[in-house]
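Chemist: Pasting a structure here, questions to come.
The values are calculated or read from the model by the stated rules, or taken from the named source; none is laboratory data. Keep in mind that this is a model prediction, so the values were computed, not measured. Backbone-built Cβ (ideal geometry, glycine too); neighbour counts: all protein chains shown.
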Amino acid sequence: MNQTIETEIKHSTMIKAPIEQVFDAITTAEGLDKWFTNGAVVDRRSGGEIKFRWTNERGMVSGGIIEDGGPVLEVEEPNRFVFQWHPDKNTYATTVEITFQSVEKGTLVSIREYGFHDTQAGREAFMGCATGWGEALTLLKFYVEHGITY
């Protein structure tokens, strides 16, 4: 059995919008497809499933289609959304926890991802996701605050 990396990915950003709007932009297929994916599927309930799909039509991938996803573990609308996916290998999943907090100027969104295997491939996936979640929160902010779609 592989050891997991002790370090976790953590990112946060403040978005000038109501919590429900930000929650929907991340936890619905329609919301995700506006700023992040092409053909996402989200069953937004504990025990449901989330499926991300990226194509090269938005320049997110080069050549072909990338798909990943997994079970939705927890939903506390509009404050928390937890799911698993397979950013390293299909043989194990990492856990992504997204929390939403109403603040004076909008919504604070925080992402925490953990469970990467302590292997060369796991460390590479960790670094890719650490960079990717920062980019994703920036794209989300631009979409929600300014209506800029990707």
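Chemist: Specify which of the listed residues (ASN38, ASN2) is in a loop (DSSP other than H, G, I, E, B), under 22 Å from GLU124 (Cα atoms) and in contact with a strand residue (DSSP E or B) (Cβ under 7 Å, 6 or more places away or on another chain). Spell out how you get there, then give the answer.
Modeler: Numbers: ASN38 fails: under 22 Å from GLU124 (Cα atoms).
ASN2 is the lone residue from the list that is in a loop (DSSP other than H, G, I, E, B), under 22 Å from GLU124 (Cα atoms) and in contact with a strand residue (DSSP E or B) (Cβ under 7 Å, 6 or more places away or on another chain).
Chemist: Still on this structure: Considering only the range 140-150, how many residues are within 22 Å of GLY69 (Cβ to Cβ) and buried (at least 18 other Cβ atoms within 10 Å of the Cβ)?
Modeler: Filtering the range 140-150 down to residues within 22 Å of GLY69 (Cβ to Cβ) leaves 140, 143, 149-150.
Cutting the leftovers down to buried (at least 18 other Cβ atoms within 10 Å of the Cβ) gives us 140, 143.
Matching residues across the range 140-150 total 2.
Chemist: Further, regarding this structure: Does the range 68-85 contain any residue that is touching a residue at least 40 places away in the same chain (Cβ under 8 Å), in contact with an Asp or Glu (Cβ under 6 Å, 6 or more places away or on another chain) and assigned to a loop (DSSP other than H, G, I, E, B)? Let's see the steps before the verdict.
Modeler: Within the range 68-85, the first condition is being touching a residue at least 40 places away in the same chain (Cβ under 8 Å), and the residues that meet it are 75, 77-79, 81.
Narrowing the set further to residues that are in contact with an Asp or Glu (Cβ under 6 Å, 6 or more places away or on another chain) leaves 78.
Subsequent filtering for residues that are assigned to a loop (DSSP other than H, G, I, E, B) retains 78.
So far as the range 68-85 goes, yes, one or more of its residues are touching a residue at least 40 places away in the same chain (Cβ under 8 Å), in contact with an Asp or Glu (Cβ under 6 Å, 6 or more places away or on another chain) and assigned to a loop (DSSP other than H, G, I, E, B).
Chemist: Let me spell it out: the conditions are (1) of a type in the set (Val, Ile, Thr); (2) in contact with a Leu (Cβ under 9 Å, 6 or more places away or on another chain); (3) surrounded by 15 or more Cβ atoms within 10 Å (Cβ to Cβ); (4) farther than 15 Å from PHE83 by Cβ, and ILE111 meets all of them except one. Which number is the exception?
Modeler: Condition (4) is where ILE111 drops out.
Chemist: I would also like to ask the following. Can you list residue pairs whose Cβ atoms sit under 8 Å apart, with the first residue in the range 124-150 being closer than 16 Å to ILE98 by Cα and the second being at pLDDT below 95 and surrounded by fewer than 16 Cβ atoms within 10 Å (Cβ to Cβ)? Count only pairs 6 or more apart in sequence or on different chains.
Modeler: From the range 124-150, the pairs are LEU139/TYR150.
Chemist: Within the range 60-98, take every residue that is out of contact with any Phe, Trp or Tyr (no Cβ under 7 Å at 6 or more places or on another chain) and among the hydroxyl-bearing types (Ser, Thr, Tyr) and give me the one that is surrounded by the most Cβ atoms within 10 Å (Cβ to Cβ).
Modeler: Only one residue tops the list, namely TYR92.
Chemist: Also: Restricting attention to the range 86-112, which residues are in a loop (DSSP other than H, G, I, E, B), under 19 Å from PHE23 (Cβ atoms) and free of Cβ contacts under 8 Å to residues at least 24 places away in the same chain? It would help to see each step written out before you state the result.
Modeler: To start, the set of residues in the range 86-112 that are in a loop (DSSP other than H, G, I, E, B) comprises 86-93, 104-105.
Filter once more, keeping what is under 19 Å from PHE23 (Cβ atoms): 104-105.
Matches in the range 86-112: GLU104 only.
Chemist: Quick check: is even one residue across the range 62-80 within 16 Å of HIS11 (Cβ to Cβ), at pLDDT 95 or above and not small (Gly, Ala, Ser)?
Modeler: The answer is yes; a qualifying residue exists.
Chemist: Another question about this same structure. From the list GLY63, GLY47, pick out the single residue that is on the phi > 0 side of the Ramachandran plot and either in a helix (DSSP H, G or I) or touching a residue at least 24 places away in the same chain (Cβ under 8 Å) (or both). Please lay out each step first, then the result.
Modeler: Working: GLY63 fails: either in a helix (DSSP H, G or I) or touching a residue at least 24 places away in the same chain (Cβ under 8 Å) (or both).
Only one candidate qualifies: GLY47.
Chemist: Right, next: Given THR55, THR28, which one is at pLDDT below 95, surrounded by 14 or more Cβ atoms within 10 Å (Cβ to Cβ) and touching a strand residue (DSSP E or B) at 6+ places or on another chain (Cβ under 8 Å)? Spell out the reasoning first.
Modeler: Numbers: THR28 fails: at pLDDT below 95.
Answer to the selection: THR55.
Chemist: Hey, among the residues in the range 114-130 that are surrounded by 18 or more Cβ atoms within 10 Å (Cβ to Cβ) and not small (Gly, Ala, Ser), which one's farthest from ILE9 (Cα to Cα)?
Modeler: As a first pass, look at the range 114-130 and keep what is surrounded by 18 or more Cβ atoms within 10 Å (Cβ to Cβ): 116-117, 122, 125-126, 129.
Next cut, not small (Gly, Ala, Ser) only: 116-117, 126, 129.
Values: PHE116: 10, HIS117: 13, PHE126: 8, CYS129: 8 Å.
Looking at residues that are surrounded by 18 or more Cβ atoms within 10 Å (Cβ to Cβ) and not small (Gly, Ala, Ser), I get HIS117.
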